[in-house]
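Report on the structure given below.
Every number here is computed from the coordinates shown, using simple stated rules; none is lab data. Worth saying up front: this structure is predicted, and the values here are computed from it rather than measured. For neighbour counting, all protein chains shown are included, and Cβ atoms are generated from backbone atoms with ideal geometry for every residue, glycine included.
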Amino acid sequence: MSGDAFQGFTKQTASFFRGLKKNNDKAWFTAHREQYDEHALEPARAFVVALGDKLRTIAPGVVADPRVNKSLFRIHRDTRFSHDKSPYKTHMGLWLWEGPHRGRMENSGFYFHLEPPNIMLGIGLYRFTDTALKNYRIDGAHPVHGRALRDAVDKLTKKGFAIGGLHYKRVPRSVDPTHPNAELLRHNGLYVGVEMKIPDAFYTTKLPAFSLRLYKQMLPLHQWLLAFTERNL
């Protein structure tokens, strides 16, 4: 049950998503719905709660809401505007966020992704709104806020992390192309992540602590984005 303490995911968690990738149709999903509920959905809810408790030691305002369309991304795909009409996502995505905006995806946060044989953990803001993008370009070129951004990014790159979100081919016209943050201002999102084979901790109660250690390494980017969103309400 969702109120139970997190005990780890199981081998059937990964095997469910492997099977779904090979049989992405309603009949297969319906036949394996019990496996999904027991080995993916319910432990994911418990994991969100446990991870939220850990994350509050470094991000006091983090929201960990173990409901679908909150911290749990829905498994059903939106196929209305897609050529791919596969009905289900073949991965599990979890999102815990911190920030002042009502929209969960308008804030920076902590992402956990299972797609066998790998997991991925990330921090950041995947896509800026139009208004946030304008403000990001202003702050990124600012003598104080821009320097803080550069410092956060440098801390991560020194640890071997790659910064994601690069999108535009050219630097915005408002920015000097020789500015130290010129490449960063070609982004339409700002995030960092690490991908690995499913670790042993995935199947144990140690997964929240395991995840926290990785999120701590990526925290400087979240802290800059949190301050950014709070400045630009």
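For the chain, what is the mean residue ellipticity at 222 nm derived from helices alone (per DSSP H run of n ≥ 4: -39500 (n - 2.57); sum divided by total residues; nearest 500 deg cm²/dmol)? Each step should come with its number before you reach the end.
Working: 7 runs with 87 residues, N = 233.
Only helices count here, giving -11500 deg cm²/dmol.
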Simple spin-label model, 7 Å along Cα-to-Cβ: Thr157 to Met120 in nm?
2.1 nm
Return the distance in nm (one decimal) between the two label points of a simple spin-label model at Lys26 and Thr205, each offset 7 Å from Cα along Cα→Cβ.
4.2 nm
Longest principal axis of the chain (C-alpha) makes with the long axis of helix 207-231 (C-alpha) an angle, in degrees to the nearest 10, of 40 degrees
Under 17 Å from the Cα of Lys54 - aspartates and glutamates, other chains or at least 8 residues apart
Asp4, Asp65, Glu98
Quick one: check the C-alpha center-to-center distance for region 128-196 versus region 12-62, whole angstrom.
32 Å
For the chain, what is Rg from Cα atoms divided by 2.2 N^0.38 Å, rounded to two decimals?
1.08
Could you calculate the FRET efficiency of Thr57 with Leu166 from 1/(1 + (r/R0)^6), where r is the beta carbon distance between them and R0 is 35 Å, rounded to 0.05?
0.65
In µm²/s, what is D for region 90-130 at 20 °C and 1.002 mPa s, where D = kT/(6 pi eta Rh) by Stokes-Einstein and Rh is the Kirkwood radius from Cα pairs?
195 µm²/s
So, in nm, how far is label Lys134 from label Glu42 when the simple model puts each one 7 Å beyond its Cα toward the Cβ?
5.0 nm
Residue by residue through region 185-197, what is 3J(HN,Hα) from phi via Karplus (6.51 cos²θ - 1.76 cosθ + 1.60, θ = phi - 60°)? Round to whole Hz and write x for glycine and proline.
7, 8, 7, 10, x, 8, 7, 9, x, 9, 10, 7, 4
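Ordered by packing density, taken as the mean number of other Cβ atoms within 10 Å over each peptide's residues, highest first, how do 79-91, 124-136 rank?
On the way: 79-91: 11.7, 124-136: 17.6.
Highest to lowest by the protection proxy: 124-136, 79-91.
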